[in-house]
Amino acid sequence: MNNSESNPSAPKEWENIVAASVIGVLSLITLSAYILVIVILFRNLKTFAKNSYYILALSLAFSDCTMLALFLFYSVPCTLLHKRIFGDTFDLAMGVICNVVYFAGLTCMSLTAINRYWAVCRFASYARVYSTRNVVILLCFIWLVGIVSGTFQALPCCSLHYFYDEFTYGYDMELWGNHYYICNREK
């Protein structure tokens, strides 16, 4: 079920299969590794909870797992079937979830980098600044940033959708009146 007959710029069926296979295999391998990291961290929580780096790593692993599961269980079937498998409303919800975990993960990566800098360059004050209490406050901030920025995706003007023709998530530029994009997409 491919649009290449009506739309010559649409990917051919074999391109959909290759793209879905690459996305699926890479997502599955990485998701498996992250799940192992989460299991190890939870099994040894008392040991790892002493160092704030591992608490941040757990949050980052959770956001990455969510994103990878989204690719594996939603993007791959959409690419193979060449349609939004559960309709537009579900696709909108996937866009919101995608942005929540993306912005939470991005913020967490930034704070993890600052954490590592502090551990190396300011080691005398590291334990005080990155106490368990302070890291929990930072994690609340991280996920609040993700939730706030992700909920904007529910607005019709800002909604993120999976474009199975381009194998990526993106914004519908037709809503913004981008004449160049509309004309080239119709060709």
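The values are calculated or read from the model by the stated rules, or taken from the named source; none is laboratory data. Since this is a predicted model, take the numbers as computed values, not measurements. Quick reminder, even Gly has a Cβ in these numbers, built from the backbone with ideal geometry, and neighbours come from all protein chains shown. To get the accessible areas, we keep the full protein, side chains included, count just its heavy atoms, and leave off ligands, DNA and RNA. Shrake-Rupley method; radii C 1.70, N 1.55, O 1.52, S 1.80 Å.
Report, ordered by the first and then the second residue, all pairs with beta carbons closer than 7 Å, sequence separation of six or more or different chains, a first member in segment 18-47 that is over 17 Å from Cys65 (Cβ atoms), and a second member that is surrounded by 13 or more Cβ atoms within 10 Å (Cβ to Cβ) and of a type in the set (A, V, I, L, M, F, W, C).
These pairs meet every condition: Ala19/Phe167; Ala20/Val76; Ala20/Leu80.
Out of the helices (runs of 4 or more DSSP H) lying entirely within segment 69-187, which hold 3 or more residues that are at pLDDT 90 or above and open to solvent by 60 Å² or more (accessible area, probe 1.4 Å)?
Working: elements: 76-81, 88-121, 123-129, 132-151, 179-186.
Because the criterion is at least 3 residues that are at pLDDT 90 or above and open to solvent by 60 Å² or more (accessible area, probe 1.4 Å), the helices (runs of 4 or more DSSP H) in segment 69-187 that meet it are 88-121, 132-151.
Take the residues of segment 28-56 that are modelled with pLDDT under 90 and small (Gly, Ala, Ser): which is farthest from Ser110 (Cα to Cα)?
My answer is Ala49.
Residue by residue, here is whether (1) more than 25 Å from Thr30 (Cβ to Cβ); (2) aliphatic (A, V, I, L, M) holds:
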| site | (1), (2) |
| --- | --- |
| Asp64 | no, no |
| Phe71 | no, no |
| Asp88 | yes, no |
| Gly105 | no, no |
| Arg122 | yes, no |
| Ala127 | yes, yes |
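Enumerate the pairs (first residue in segment 99-128 and under 30 Å from Phe71 (Cβ atoms); second residue anywhere and open to solvent by 80 Å² or more (accessible area, probe 1.4 Å) and part of a helix (DSSP H, G or I)) with beta-carbon separation below 8 Å, excluding pairs fewer than 6 apart on the same chain, so at least 6 apart or on different chains.
Close Cβ pairs (under 8 Å, with a partner that is open to solvent by 80 Å² or more (accessible area, probe 1.4 Å) and part of a helix (DSSP H, G or I)) amount to Asn99/Phe152; Val100/Ile147; Ala104/Ile147; Thr107/Phe141.
Is it the case, given these coordinates, that Tyr53 is in contact (Cβ under 8 Å) with a residue 60 or more places away in the chain, of a type in the set (Phe, Trp, Tyr) and either open to solvent by 60 Å² or more (accessible area, probe 1.4 Å) or not in a helix (DSSP H, G or I) (or both)?
On the way: in contact (Cβ under 8 Å) with a residue 60 or more places away in the chain: yes; of a type in the set (Phe, Trp, Tyr): yes; either open to solvent by 60 Å² or more (accessible area, probe 1.4 Å) or not in a helix (DSSP H, G or I) (or both): yes.
It is true that Tyr53 is in contact (Cβ under 8 Å) with a residue 60 or more places away in the chain, of a type in the set (Phe, Trp, Tyr) and either open to solvent by 60 Å² or more (accessible area, probe 1.4 Å) or not in a helix (DSSP H, G or I) (or both).
Just to be sure before I move on: is Ala124 more than 25 Å from the chain's Cα centre (by Cα), over 10 Å from Ser52 (Cα atoms) and not acidic (Asp, Glu) in the structure I sent?
yes
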